[in-house]
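The values are calculated or read from the model by the stated rules, or taken from the named source; none is laboratory data. Here the structure is a predicted model, which is why all the values come from computation and not from measurement. Every residue, glycine as well, gets a Cβ built from its backbone with ideal geometry; the counts of neighbours run over all protein chains shown.
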Amino acid sequence: MASVFVGILAFFSASLVGMWLKKRSIEKWKFYRAFYDYLLFAEEKICSERMPRGEIDASFKSDSKEFLAVLKGENAKLSLKDQELSSIKEYLETIGTSDAEAQLSSLRGKAAEIKRMLDTDGEKWRKDAALYFKLCVLVGVALFIILV
Amino acid sequence: MEIRLRKGGRLRYLTLRGWTDTPHLVTEAEFEYVLLAVTERSLYAITEKLVNGYLPLKGGVRVGVAGEGVMEGDRVKSVKHISSLAIRIPHQVFGVSDFLVIDGYFNQNVLIVSPPACGKTTLLRDIARRLSNAGKNVVILDERGEISGVNNGCMSLDVGANSDVLFGFPKKIAYVNALRALNPDYVITDELSGESDVAGVLRAFYGGVRVIATLHGQDENALYGDFSALAKVFDRIIVLSRTPRIGTILKDLVR
């Protein structure tokens, strides 16, 4: 009876780890997707209205809470590595520090870079997310069989 | 009050006692910090506005800039590589116009002449306030918001109970709108410059409206030159100096 209980516990633990890994990968993808959307949004608002940075940030909407937290300068727990995060923060700091032409070309360049990243690495993150979850569930089932 | 920042230069400021040089050298990082603060981290949004040489901020604060002009054809398109900032903070000094007898019967066109930073706008504001409180309908053509410190329709400086402020309008439109729609007894305007101002003042004068204005110049001769057409308009010319202190009345000519 105890071994069944331990087996079920092992199965659920492995599944939870799988879910956490999946969520992390999905959040990372959502973060970069939001960053890309933000770059396009800022480009559009600067190009058409010369909208000030504060208003751009305030009117930008996204389903990535992590990216919105970074945009507000809050210290949130993130799915990104420190190095990735600091490079994004550094870039966000530069928005608003140059004249319109330089700003627009910088935003276009960065958006192209992030788009390329989403097309290649982004797809991999999404596939990996599903894979991690399935693997962890399989490990959980294996542990259950071994223990029971 | 005025604060001067130059990249790598000494920080200096102007008060009623004159200029004070501090030993502090403005670093590039400090300069950028101030620049981004006054532009609300949106330099791209204002570089094209800077072709006029200044950036108006809330409360009538004006930031003059010096930098590199970006040309498009024969016009300045924007300004980049900003190297100096002159931050002018308006302040009000009540009673600086007490030498003028301003009551319900005051009926003069007054021109205030002086070089920059001698207290023209401060005197102009006090005259506007007193005229307004004496029951005159006063229309202030405040293109940059320096006279009234207007911000979102609210005046941060006291310009009197009966003053209407036209903020942000180019002068040539402001004169027309003031005369057509606001029925002024007095039109108050700062820093006459160019043909549109001359035409506007003449329009007001011939329309039976009194004008109180300021003009950059050393003395009353500033009126003879580009502004000679206005010589017949002004009954009184006040010349200001910054020595021995800012706001000193050098001449008060009644014509």
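Which of the residues belonging to the range B:143-167 are farther than 19 Å from B:Met1 by Cβ and of a type in the set (D, E, K, R)?
B:Glu143, B:Asp164
Okay, residues lined up against (1) among the charged types (D, E, K, R); (2) crowded, with 19+ Cβ neighbours inside 10 Å; (3) not in a helix (DSSP H, G or I):
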position: A:Phe5; (1), (2), (3): no, no, no
position: A:Ala10; (1), (2), (3): no, yes, no
position: A:Gly18; (1), (2), (3): no, yes, no
position: A:Ile26; (1), (2), (3): no, no, no
position: A:Arg33; (1), (2), (3): yes, no, no
position: A:Ser48; (1), (2), (3): no, no, no
position: A:Gly54; (1), (2), (3): no, no, no
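Of the numbered conditions (1) surrounded by fewer than 20 Cβ atoms within 10 Å (Cβ to Cβ); (2) in contact with a helix residue (DSSP H, G or I) (Cβ under 7 Å, 6 or more places away or on another chain); (3) of a type outside the set (Ser, Thr, Tyr), A:Gln83 fails exactly one; give the number of that condition.
(2)
With respect to B:Gly153, determine if the residue is surrounded by fewer than 21 Cβ atoms within 10 Å (Cβ to Cβ) and free of Cβ contacts under 8 Å to residues at least 24 places away in the same chain. If you could, list the steps in order and put the result at the bottom.
Working: surrounded by fewer than 21 Cβ atoms within 10 Å (Cβ to Cβ): yes; free of Cβ contacts under 8 Å to residues at least 24 places away in the same chain: yes.
Judged against the criteria, B:Gly153 is a match.
Answer yes if at least one residue in the range A:68-86 is part of a helix (DSSP H, G or I) and over 17 Å from the mean Cα position of the chain (by Cα), and no otherwise.
First pass over the range A:68-86, keeping only residues part of a helix (DSSP H, G or I): A:68-71, A:82-86.
When the remaining residues are screened for being over 17 Å from the mean Cα position of the chain (by Cα), the result is none.
Within the range A:68-86 (the criterion being part of a helix (DSSP H, G or I) and over 17 Å from the mean Cα position of the chain (by Cα)), the answer is no, since none of the residues qualifies.
Looking at the range B:47-64, which of its residues are over 16 Å from the mean Cα position of the chain (by Cα) and more than 8 Å from chain A (Cβ to nearest Cβ)?
Initial filter on the range B:47-64 (over 16 Å from the mean Cα position of the chain (by Cα)): B:47-51.
Hits for the range B:47-64 are B:Lys49, B:Leu50, B:Val51.
If the requirement is being touching a strand residue (DSSP E or B) at 6+ places or on another chain (Cβ under 7 Å), part of a strand (DSSP E or B) and surrounded by 15 or more Cβ atoms within 10 Å (Cβ to Cβ), which of these qualifies: B:Leu35, B:Leu14? It would help to see each step written out before you state the result.
Details: B:Leu35 fails: part of a strand (DSSP E or B).
That would be B:Leu14, the only listed residue that is touching a strand residue (DSSP E or B) at 6+ places or on another chain (Cβ under 7 Å), part of a strand (DSSP E or B) and surrounded by 15 or more Cβ atoms within 10 Å (Cβ to Cβ).
I'd like to know if the range A:91-100 contains one or more residues that are modelled with pLDDT under 90 and assigned to a helix (DSSP H, G or I).
yes
Among the candidates B:Ala181, B:Ala213, B:Ala204, B:Ala229, which residue alone is modelled with pLDDT of 95 or more and not β-branched (Val, Ile, Thr)?
Numbers: B:Ala181 fails: modelled with pLDDT of 95 or more; B:Ala204 fails: modelled with pLDDT of 95 or more; B:Ala229 fails: modelled with pLDDT of 95 or more.
When all the criteria are applied, what remains is B:Ala213.
Return the residues of the range B:58-82 that are free of Cβ contacts under 8 Å to residues at least 24 places away in the same chain, over 15 Å from A:Ala102 (Cβ atoms) and in contact with a strand residue (DSSP E or B) (Cβ under 6 Å, 6 or more places away or on another chain); say none if nothing qualifies.
Once the filter is applied, which keeps residues that are free of Cβ contacts under 8 Å to residues at least 24 places away in the same chain, over 15 Å from A:Ala102 (Cβ atoms) and in contact with a strand residue (DSSP E or B) (Cβ under 6 Å, 6 or more places away or on another chain), the range B:58-82 yields B:Val65, B:Ala66, B:Gly69.
For A:Lys72, state whether it is among the basic types (Lys, Arg), surrounded by fewer than 18 Cβ atoms within 10 Å (Cβ to Cβ), free of Cβ contacts under 8 Å to residues at least 60 places away in the same chain and farther than 30 Å from A:Leu147 by Cβ. Steps first, answer last, please.
On the way: among the basic types (Lys, Arg): yes; surrounded by fewer than 18 Cβ atoms within 10 Å (Cβ to Cβ): yes; free of Cβ contacts under 8 Å to residues at least 60 places away in the same chain: yes; farther than 30 Å from A:Leu147 by Cβ: yes.
Taking the combined requirement at face value, the residue satisfies it.
Does the range B:132-143 contain any residue that is under 19 Å from B:Ile246 (Cβ atoms), among the hydrophobic types (A, V, I, L, M, F, W, C) and buried (at least 18 other Cβ atoms within 10 Å of the Cβ)? Can you show your working first?
Going through the range B:132-143, the residues under 19 Å from B:Ile246 (Cβ atoms) turn out to be none.
Checked against the condition, which is being under 19 Å from B:Ile246 (Cβ atoms), among the hydrophobic types (A, V, I, L, M, F, W, C) and buried (at least 18 other Cβ atoms within 10 Å of the Cβ), the range B:132-143 yields no hits at all.
Evaluate the range A:135-142: report whether one residue or more is touching a helix residue (DSSP H, G or I) at 6+ places or on another chain (Cβ under 7 Å) and surrounded by 19 or more Cβ atoms within 10 Å (Cβ to Cβ).
Taking every residue of the range A:135-142 in turn, at least one turns out to be touching a helix residue (DSSP H, G or I) at 6+ places or on another chain (Cβ under 7 Å) and surrounded by 19 or more Cβ atoms within 10 Å (Cβ to Cβ).
Could you check how many residues of the range B:10-30 are without any contact (Cβ under 8 Å) to a residue 60 or more places away in the chain and closer than 13 Å to B:Ala86 by Cβ?
5
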